[in-house]
Amino acid sequence: MEIHHLGFSILDVKKEIYNHPFQYNWQGRAAFTFAVFGVNVAFAKAIFPCQFSEWYVMLIKDSGGNMDYKQMTAPCGLDCFNCIGFLANKDTKLIPVIAEALNISPEQAENAVCKGCRNQDGKIPFIPMECNVYPCIKSKGLSFCYECAEFPCDHLHPYADQAIKVPHNTKIFNLCLIKKLGLETWAEEKAKDVKETYFNGN
């Protein structure tokens with residue numbers, strides 16, 4: 001029997017760990033194993049901070065090394081895979097950028113590094129407010145808001161607060177594109193352009 005955690009099977013884990021015994025040290029393998037088998041993620045990260053980030057990025061990819069776009073796209077349509085908070089898991093040079101953007105210390109920015117909405121039950125470390133979308137979608141057994149008969153609803157209402165810094169006002173547009181183009185096409189051909197156009201106007 002295969003047990004899955006974040007879309008990664010035990011067979012894939014065993015293959016990666018045991019087929020490359022010299023590529024990764026024991027700390028990296030242990031941190032990854034903790035995450036896969038559901039051991040407290042914060043505990044694993046605290047013990048193996050550097051190795052954990054590298055392995056976690058691998059965790060949300062399929063066995064072929066491709067990004068799991070469904071897992072890494074929030075139900076509201078935000079592309080977690082293009083978010084600096086997620087990208088900092090692998091590129092630690094982005095942590096000072098996060099610190100400057102959020103006006104926090106580099107130490108605080110390290111704690112703001114995110115694993116993606118779905119991987120954190122809708123709780124984003126650098127957003128203090130509770131998300132209304134994630135529990136709503138989860139209770140209805142849906143993957144994305146556009147699948148709901150009530151779409152668009154007030155949970156997706158655009159608002160001006162910090163709109164110049166964060167892409168929350170792109171949610172409905174992204175969801176419409178996902179519905180029209182399909183998740184993979186949107187993720188690979190449109191998502192990054194939507195974000196860049198929103199912020200840069202190009």
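Among all positions in the range 107-117, there is no residue which is at pLDDT 85 or above, more than 12 Å from the chain's Cα centre (by Cα), over 19 Å from GLU196 (Cβ atoms) and assigned to a loop (DSSP other than H, G, I, E, B). Given the criteria outside any loop (DSSP other than H, G, I, E, B), of a type in the set (Val, Ile, Thr), at pLDDT 90 or above and in contact with a helix residue (DSSP H, G or I) (Cβ under 7 Å, 6 or more places away or on another chain), does ILE137 qualify? Yes. As a summary of the residue check, GLU100 satisfies the conditions (1) under 25 Å from GLU196 (Cβ atoms); (2) part of a loop (DSSP other than H, G, I, E, B); (3) not hydrophobic (A, V, I, L, M, F, W, C) except for the one numbered (2).
Please work out which residue is modelled with the highest pLDDT, limiting yourself to the range 46-97 and to residues that are among the basic types (Lys, Arg) and part of a loop (DSSP other than H, G, I, E, B). My answer is LYS70. Between PRO158, PRO167, PRO125, the distinction of being more than 23 Å from MET67 (Cα to Cα) and modelled with pLDDT under 95 belongs to PRO158 only. Using the structure shown, decide if ASP161 is over 17 Å from the mean Cα position of the chain (by Cα) and more than 17 Å from THR73 (Cβ to Cβ). Here the answer is yes, as ASP161 does meet what is asked.
Among the residues of the range 107-148, those that are open to solvent by 70 Å² or more (accessible area, probe 1.4 Å) and within 18 Å of ASP91 (Cα to Cα) comprise GLU107, GLN108, GLU110, ASN111.
Of the residues making up the range 135-172, those that are over 20 Å from ILE84 (Cβ atoms) and not small (Gly, Ala, Ser) number 22. Comparison of GLU100, GLU196, GLU150 shows that the only residue that is among the charged types (D, E, K, R), at pLDDT 95 or above and over 17 Å from the mean Cα position of the chain (by Cα) is GLU150.
The values are calculated or read from the model by the stated rules, or taken from the named source; none is laboratory data. Only a predicted model underlies this, so the values are computations on that prediction, with no experimental measurement involved. Ideal geometry is used to build each Cβ from the backbone, glycine not excepted, and the neighbour counts take in all protein chains shown. The accessibility values were calculated without ligands, DNA or RNA, using every heavy atom of the protein model including side chains. Shrake-Rupley method; radii C 1.70, N 1.55, O 1.52, S 1.80 Å.
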